[in-house]
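Data first, discussion second: the structure below is written as C-alpha cells.
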Amino acid sequence: KLEIDYGDGTKEMLDRVPIGGEDIPSPCFNNCLKKNTYKGTHDYGVPGEYTIWVQDPNRIADICNIDGGNSVGVQFYLESQLNIPDPQFFGFNNSPDLLQPPVDCGNVCQVFKHNPNAFDPDGDSLAYELVVPKSAKGLDVPNYQWPNEIFPVIPPSCSLRTDMSLNPITGEFIWNAPQKPCTYNIAILIKEYRKGQLI
C-alpha cells in the first residue's frame with residue numbers, strides 16, 4: 001500500500017495493482033525492474049488548486065548523483081498540481097500520459113537521449129523543465145548533483161565533454177556524454193497550457 005495526499009485535507013491508502021507489481025524488461029538492470037501502479041478515485045467538492053503527492057520511504061541504492069551514492073535512505077517523492085476551474089467556462093481536463101517508461105540505458109562516451117513521450121488527450125500544449133528531485137514536500141534530495149557533474153577517478157579515453165540539455169518543447173533529454181557507468185536520477189517538470197493559461 002502507498003498513502004496519497006489529495007491536497008484537500010484528505011489522505012488514502014492505495015493498493016498496488018497487481019499485488020506484486022509489473023515486471024519491466026530492462027537489459028541495463030538485468031531485467032529485474034518492477035512498475036508499481038496504485039489506483040484510487042477521489043472527488044473534490046469545489047473548484048480550486050490542489051497539490052497531490054506521494055512519498056515512498058526508499059530509493060534504490062547507489063544512485064551516483066544523489067547524496068554521494070547513499071541514495072537508499074533518501075525518500076522518493078512525487079507531486080502533481082491539480083487546477084480545477086469552473087467546468088462551465090473552462091471544460092474538463094486530463095493529465096498528460098507518459099508513454100515511455102522512465103528507465104533507459106546509456107553508454108560511457110556516447111550521446112544519451114531520453115524522451116518521456118508525453119501525450120495530452122485534450123491536445124493541450126506541454127512545456128518541459130529539468131528540476132532537482134524531491135525527497136519530501138518542498139524539500140530537495142540531499143547533495144543532489146546534475147548527472148554531467150559526475151566524473152570517475154580515472155577519466156575515460158573519450159572527450160570530457162559533458163553537455164546536458166532538455167528541449168522545453170519536445171521533452172527530449174540529451175547528455176553528451178556520460179563519463180561514469182552508474183545509475184542516475186533526473187526529474188522533469190511538465191507544465192500543461194490551454195489557450196495560453198497554465199492549467
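The values are calculated or read from the model by the stated rules, or taken from the named source; none is laboratory data. All values derive from a computational prediction rather than experimental measurement. Cβ coordinates were reconstructed from backbone atoms using ideal geometry, including for glycine residues, and neighbour counts include every protein chain displayed. Heavy atoms of the whole protein, side chains included, go into the accessibility calculation; ligands, DNA and RNA do not. Shrake-Rupley method; radii C 1.70, N 1.55, O 1.52, S 1.80 Å.
Can you tell me which residue in the range 175-196 is least open to solvent (accessible area, probe 1.4 Å), limited to those that are out of contact with any Pro (no Cβ under 9 Å at 6 or more places or on another chain) and more than 20 Å from G106 (Cβ to Cβ)?
R194
Evaluate the range 124-145: report whether one residue or more is surrounded by 13 or more Cβ atoms within 10 Å (Cβ to Cβ), touching a residue at least 12 places away in the same chain (Cβ under 8 Å) and over 21 Å from the mean Cα position of the chain (by Cα).
Within the range 124-145 (the criterion being surrounded by 13 or more Cβ atoms within 10 Å (Cβ to Cβ), touching a residue at least 12 places away in the same chain (Cβ under 8 Å) and over 21 Å from the mean Cα position of the chain (by Cα)), the answer is no, since none of the residues qualifies.
N117 is checked against (1) surrounded by 12 or more Cβ atoms within 10 Å (Cβ to Cβ); (2) on the phi < 0 side of the Ramachandran plot; (3) in contact with a Leu (Cβ under 8 Å, 6 or more places away or on another chain) and fails just one. What number does that condition carry?
(2)
Taking C182, is it of a type in the set (A, V, I, L, M, F, W, C), touching a Cys at 6+ places or on another chain (Cβ under 6 Å) and under 13 Å from I66 (Cβ atoms)?
yes
What number of residues within the range 146-174 are out of contact with any strand residue (DSSP E or B) (no Cβ under 8 Å at 6 or more places or on another chain) and open to solvent by less than 60 Å² (accessible area, probe 1.4 Å)?
Here the count works out to 4.
Using beta carbons and a limit of 7 Å, which pairs, at least six apart or on different chains, have the first residue in the range 171-195 and without any contact (Cβ under 8 Å) to a residue 60 or more places away in the chain and the second one assigned to a strand (DSSP E or B) and among the small types (G, A, S)?
G171/A118
Go through the residues of the range 2-15 one by one and say whether even a single one is open to solvent by 50 Å² or more (accessible area, probe 1.4 Å), touching a residue at least 60 places away in the same chain (Cβ under 8 Å), more than 20 Å from K134 (Cα to Cα) and of a type outside the set (S, T, N, Q).
Scanning the range 2-15, I find no residue that is open to solvent by 50 Å² or more (accessible area, probe 1.4 Å), touching a residue at least 60 places away in the same chain (Cβ under 8 Å), more than 20 Å from K134 (Cα to Cα) and of a type outside the set (S, T, N, Q), so the answer is no.
Could you check F90 against (1) open to solvent by 80 Å² or more (accessible area, probe 1.4 Å); (2) more than 21 Å from the chain's Cα centre (by Cα) and say which number it fails?
Failed condition: (1).
I need every pair where a residue in the range 101-119 that is of a type in the set (K, R) has its Cβ under 9 Å from the Cβ of a residue that is at pLDDT below 90 and in a loop (DSSP other than H, G, I, E, B), sequence separation at least 6 or different chains.
Note: pairs meeting the criteria are K113/D104.
Which is more than 26 Å from H42 (Cβ to Cβ), acidic (D, E) and open to solvent by less than 60 Å² (accessible area, probe 1.4 Å), of D67, D62?
Sole residue among the options that is more than 26 Å from H42 (Cβ to Cβ), acidic (D, E) and open to solvent by less than 60 Å² (accessible area, probe 1.4 Å): D67.
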